[in-house]
Amino acid sequence: MIIEKSAVAGTLESSDAQITVEPAEGGIELEITSSVMNQYGRQIKATVLETLERLDVRSGRVTVVDKGALDCTLKARVECAVFRSCGQSDKNIPWGGAVK
């Protein structure tokens, strides 16, 4: 998938994450801010990058503001932001990992 425009998914509430994706050239630019960065920063990064890879996103700027979200929440927020950026969120999308 190609990130065509800026899009946001999620909130800044406790146990959630806000994911912003924007078009960019030359690979994935990932910025993570988290209230649990010392404990789970590597896992947050791995989850976001794995989800982007599964969606076949090869370039873009991704900003994560995490407030203690679980992995499943991070995956869902990344999926939603990417789909919104491609204009596909209004189509019949098989959410939850069925997209390859």
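Tell me the residue from 64, 48 that is surrounded by 13 or more Cβ atoms within 10 Å (Cβ to Cβ) and not in a helix (DSSP H, G or I), please.
Result of the check over 64, 48: 64.
Residue check: is residue 77 of a type outside the set (A, V, I, L, M, F, W, C), outside any loop (DSSP other than H, G, I, E, B) and surrounded by fewer than 16 Cβ atoms within 10 Å (Cβ to Cβ)?
no
How many of the residues in segment 28-45 are part of a helix (DSSP H, G or I), out of contact with any Gly (no Cβ under 9 Å at 6 or more places or on another chain) and of a type outside the set (Lys, Arg)?
Count: 6.
Only one of (1) surrounded by 15 or more Cβ atoms within 10 Å (Cβ to Cβ); (2) at positive phi is not met by residue 56, so which one is it?
Residue 56 satisfies every listed condition except (1).
Scanning for something of a type in the set (Asp, Glu) and more than 14 Å from the chain's Cα centre (by Cα), does segment 26-40 turn up at least one residue?
no
Among the residues of segment 12-29, write down those that are more than 14 Å from residue 77 (Cβ to Cβ), exposed (fewer than 14 other Cβ atoms within 10 Å of the Cβ) and of a type in the set (D, E, K, R).
25, 29
Yes or no, residue by residue, for (1) closer than 15 Å to residue 75 by Cβ; (2) crowded, with 17+ Cβ neighbours inside 10 Å:
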site	(1), (2)
7	no, yes
10	yes, yes
31	no, no
36	no, no
39	no, no
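Laboratory data are not the source of any read-out in this text; all were calculated from the coordinates shown. Note that the structure is a prediction, hence the values are computed from the model and not measured. In this analysis, Cβ positions are derived from the backbone assuming ideal geometry, glycine residues included, and neighbour counts consider all displayed protein chains.
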